[in-house]
Structures are given as C-alpha cells and as structure tokens.
1. Out of (1) in contact with a Pro (Cβ under 8 Å, 6 or more places away or on another chain); (2) farther than 27 Å from A:LYS2 by Cβ, what's the single condition that is false for A:ILE154?
2. Which of (1) of a type in the set (S, T, N, Q); (2) surrounded by 17 or more Cβ atoms within 10 Å (Cβ to Cβ); (3) modelled with pLDDT of 85 or more does A:THR363 not meet, given it meets every other one?
3. State all residues of the range A:173-214 that are of a type in the set (Lys, Arg) and either surrounded by fewer than 17 Cβ atoms within 10 Å (Cβ to Cβ) or in contact with a Phe, Trp or Tyr (Cβ under 7 Å, 6 or more places away or on another chain) (or both); if no residue qualifies, say none.
4. Anything in the range A:295-314 that is surrounded by 14 or more Cβ atoms within 10 Å (Cβ to Cβ) and either within 16 Å of the chain's Cα centre (by Cα) or at positive phi (or both)? List them, or say none.
5. If I filter the range A:267-276 for residues that are under 30 Å from B:ASN57 (Cβ atoms) and among the hydroxyl-bearing types (Ser, Thr, Tyr), do I get at least one hit?
6. If we only count strands (runs of 3 or more DSSP E) wholly inside the range A:127-176, which ones have 2 or more residues that are in contact with a Gly (Cβ under 7 Å, 6 or more places away or on another chain)?
7. Tally time: how many residues in the range A:425-470 are closer than 23 Å to A:ILE379 by Cα and among the acidic types (Asp, Glu)?
8. Picking from A:LEU21, A:LEU51, which residue would you name as being within 7 Å of another protein chain (Cβ to nearest Cβ) and out of contact with any Gly (no Cβ under 7 Å at 6 or more places or on another chain)?
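The values are calculated or read from the model by the stated rules, or taken from the named source; none is laboratory data. Note that the structure is a prediction, hence the values are computed from the model and not measured. Here the Cβ is made from the backbone with ideal geometry for all residues, glycine too, and neighbour counts use every protein chain on show.
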Amino acid sequence: MKYEAVIGLEVHAQLLTKSKLFCACSTKFGAQPNTNICPVCTGQAGALPVLNKTAVEMAIKAGLALNCTIREKSIFARKNYFYPDLPKGYQISQYEFPICLNGYLDIQLNGEPKKIHIQRIHMEEDAGKLLHDTGSPDVSHVDLNRCSTPLIEIVSGPDLSSPEEAGDYLRKLRNILVYLEVCDGNMQEGSLRCDANVSIRPKGSKEFGTRAEIKNVNSFKFLESAITYEIERQAKVLDGGGKIVQETRLWNQAKGETFSMRSKEEAHDYRYFPDPDLLPLVVDQVWIEKIKGTLPELGETKAKRFVSQFGIPEYDAKVLTAEKPLAQYFEECVKNYNAPKKLSNWIMAELLRELKLRNQDITEIKLKPKQLARMVQLIDEGTISGAIAKTIFMEMLNTGEAADKIIEAKGLKQVSDTGAIEACVDKILAKEIENVQRYKSGKTNVFGFFVGAVMKEMQGKANPKIVNEILKKKLEIVR
Amino acid sequence: MKESIKKVAHLARLKPTPSAGEKLVQKAKSIIDFVEQLKNLDTSKIEATSHAIDITNAFREDTVQKFEGTKKILENAPNHYENLFEVPKVIDEN
C-alpha cells in the first residue's frame, strides 16, 4: 500500500467510584431509569457540584501507572453545548489544565517494542443516555442515571500506525486500568469506550492527512475492523481524486462499514471557560507519594515475576496475568501446593475452557484455589489417576466439594494394589485370546488395547503405571 | 460584530428579534470596548485567575446518598414518559 495510517485513540474510562463525580447519587449500572438522579446532576437551578475525592485519587493512580506528570494545579472547565443527554447545557470537564499529562505506554507488536505517547488524561463527567428506539419518529427518551458519573479521558498521541497496534494499545490500557481497580473495563456496558482518530498519508510523508473520528467503538474486534475499513475507505477516496472530509463517523458492525454521523445540531463551538462553581484542584507531592505507595503490581511486571519465580513459560505467564483475579487465583493455588507448571496447565486447559463454556468469571466459581491445588497434589501422590482427576475436577467445579470428599464418596481412589490389578489383567488376557495371539506374532501395538481394556474394566481407577508393568510382565511370559 | 452575535445567539438557542438583535450588538460593543482597556495593562507577570476566591480543594467523600425527589424532577420536565424524560428527536439515524 502506498499510504500509511496515523491513528490516535481517545479512551473514556468510567471510574469505579460508588458515587458520582459531583454529587452523592449512586453510579451503579442497570438501575431503573432516572432513579439515581438529584438536583446537582440534573442541573437544577442553584444546585452546586462538590468534587469526589476518590475520583481524583483514581485519576492520579491512572496517571502514575501511565508514566504521566501529575499537574500540581488543575482546573475544571465548562464545555458548552446543547444536547438532551446533558441537562446543564454544559459538561464539566478539564481543558487547558488537565490533571495528568505527558505519559506513555509501551506496546509490543511482532516482538518489536513501541512507545505510545499519552498526551493527557483529564477528568470529566459522563452524559446521560439517549434512547432513540421509542416507537415514535419524533421523540427520544432520556435516562440520566449515568449523567455525571466520573470518567477519565486518556488521549494518545497520533503514534499508532495499524489496526493491530491500536488493538494492542487498547488491550494494554484496559489491563492496566483493571489492575489498578480504577475501571472495570467492561466495554459492553460502556465502562470503557473508545474513539479512534484515523487519517492516512502517502508513505514517508511528514504531514498529517485529514482525519475522521470514529466514535464509540465498544469492542476490541470492532475497533480493529472499523480502523481497517476506514483506512481502505480513505485510500479509495484519495485514489479517486477526492478529498477526505473531517467528520465524525460511526461503526456499523452488521454492515461492516463506518458511516458519517450527521446530526441536526450544527456548529460545535464549546466556548470552554473555567467553571466558577468549582475550586482549582491542587495535588501536592505528599499526596502523590501516598498514592504511589498504593499502586499494585501491574500485569506486565507480574508476568515477568511469574516466569522468574515459578519457572513457568512466558506464554503461561501472559495468559495467567491477563486478568488480575486469574493471576491471584493461580498464585493462591501455588501457595497451597508448589507445582506451578502443573497448576498452570490445569487452569489454562481445563478451568479456562469451562469458564468460557459456562460464561462465568473466575471470581464467581465454587472451586477454590486450595481445592484445585489439593487435587493436583493427589494426582502427584498417586491417589488418583489423571483421567479420574478430570471427573473429580468437574464435580468440584459444579459443587465446590473438596477432592478428598468426592473421592471418598464415589470410590474413585486409584487402585495401586498389584493383586487386584493382576487379577484383572489375567481376566482380560484370558478373554482376548485372539489379541494375545497377535501380540505373540509380533504385533506389539495391541499393547495399548490391553491397557485400555484393563482401565475400562477397573473403571479408570487402576494406577496406569502398575497396569503397564503387570501387562508387560504377563505378555512376556505368554510370548 | 453582528455575525458574532448571531453565532452566539444560535449556540445559546436564542432567537432575538431584529430590533433586539441590533440592541444586543450595541451593548456587546460597549462591553467589549470596556474590557479592551485591560489590554493596556502589563499582565505578563500575573497568573491567570481561574476562580474569584483564593482557596482550593473542596472535596466530598465517596459515599452514596439517595435523593428522594426523583419523581418530582421527572414531573418538572416539559415531557416525560413513565420514568423517562421525553425530548424531540435530535439525531438523524441515517
């Protein structure tokens, strides 16, 4: 392709506070419409905003984790525009003096590290929710529950050059915010939203092309598809001798294309000015240091530690640290039984598959880390076979019972009693005369068949190692 | 000046009559002339004022308190449908 893409992302993250940014209304998602509203967030005359301290601390946390400078003094500004989801007629945001600036985030694509500049992080309040599907072409409905919930907007530099890089950046960013516990990262519910500024220019050119802004992309997949489409669309326009128009576009997943968002409202001129209702926010070094002390170990650092401390492969470490609760689960398992690779295998292969099938979260399951660790220990000690362990695992996952109890109740203990196994082997060999003949004639590959038959006869409980030994011995004799 | 007044009026959703508009232009002119005088002062060493009172940091703790008058807020709006505010449709979905 003769063009290169220039992409910057603006990410809105809803902060995990209990109450709104400037009033005491709950921020809980999914409440009945317009039940979490008050005079402040609905813009009643005379109502005054008071800043939520926890929201400020969360914004600072995000800033520190993203290597930003925390501004000593920042100011809230009014962004003025008329829209029905904005009852005050302005959004309280930050403009010239945002709380964090000049950070970066390292992404890695095809093994190549790349530094993505973060221009700024500012605090602002969210707008309400417009419902257009009202059955009437003339009216929209408005739910103001979300209005004034705290957001941070994280603005990247125009440093991303492909849909994959944009996806990787957003994934990394989400991971960090979730680890910090400042945002739940739920894109479907809109706690994490992304706007992408996309432009193209002839390869090697220094000047930027005209950009289109793709608004409200709510999944990683949509983000990558929307950017891919947009790059191709702009290339076609330029190749056809046309010009790119600076505009806002939306992604239509069903059609697989972006389309221009034409609003009946025109001419945005936000006329920002400092909000006289809010005092300047001053963050001193003592406060910053205190917050620094609360920063948790982030995913990337944790993954590196898992490799060095537990000796598990890098791939495992990456999967296990993708979500903080999963990393905690794994670490808790290892604490109870020191067999990191085996535990990692069970978590990655069995547990994650089941979670996906059941559409469950690791925090919701009955199977406790201690129980999984104990089960792996029982395999190692020869109490149960690996095959039986799968049955026990499912039972534990379904009921939350301990492995020992399940083994006891269902009689699943591995049989290592050579006498019992020998008797069973004799029985099988007596029954399978033809196969024994085959083995004798040199077709030793029927050996596996015998093992299977013995295991089946003993309902999977026989110790496979002992079965192998006895079978070998017996077959040598008949030969 | 007239164009600026028109634009600001549009942004503020005000529709002044032509005669009122003319008055506004005159008034705006005198206000701007008055403020223009500030240009004669040397403000290079003065930090921009963002707030009239010289105090900072008024916070509230992150606690939830339910407002009991939500129904009244809904009823105060020009139109509402059940527990939703109702407004003229503003977006052209195509």
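1. (1)
2. (2)
3. Within the range A:173-214, the first condition is being of a type in the set (Lys, Arg), and the residues that meet it are A:174, A:193, A:201, A:203, A:206, A:211.
Answer for the range A:173-214, where residues must be of a type in the set (Lys, Arg) and either surrounded by fewer than 17 Cβ atoms within 10 Å (Cβ to Cβ) or in contact with a Phe, Trp or Tyr (Cβ under 7 Å, 6 or more places away or on another chain) (or both): A:ARG201, A:LYS203, A:LYS206.
4. A:LEU298, A:GLY299, A:GLU300, A:LYS302, A:ALA303
5. Of the residues in the range A:267-276, the ones under 30 Å from B:ASN57 (Cβ atoms) are A:270-276.
Cutting the leftovers down to among the hydroxyl-bearing types (Ser, Thr, Tyr) gives us A:270, A:272.
Looking through the range A:267-276, at least one residue is under 30 Å from B:ASN57 (Cβ atoms) and among the hydroxyl-bearing types (Ser, Thr, Tyr).
6. On the way: elements: A:129-131, A:139-143, A:150-156.
Result: A:139-143.
7. Count: 2.
8. Numbers: A:LEU21 fails: within 7 Å of another protein chain (Cβ to nearest Cβ).
Sole residue among the options that is within 7 Å of another protein chain (Cβ to nearest Cβ) and out of contact with any Gly (no Cβ under 7 Å at 6 or more places or on another chain): A:LEU51.
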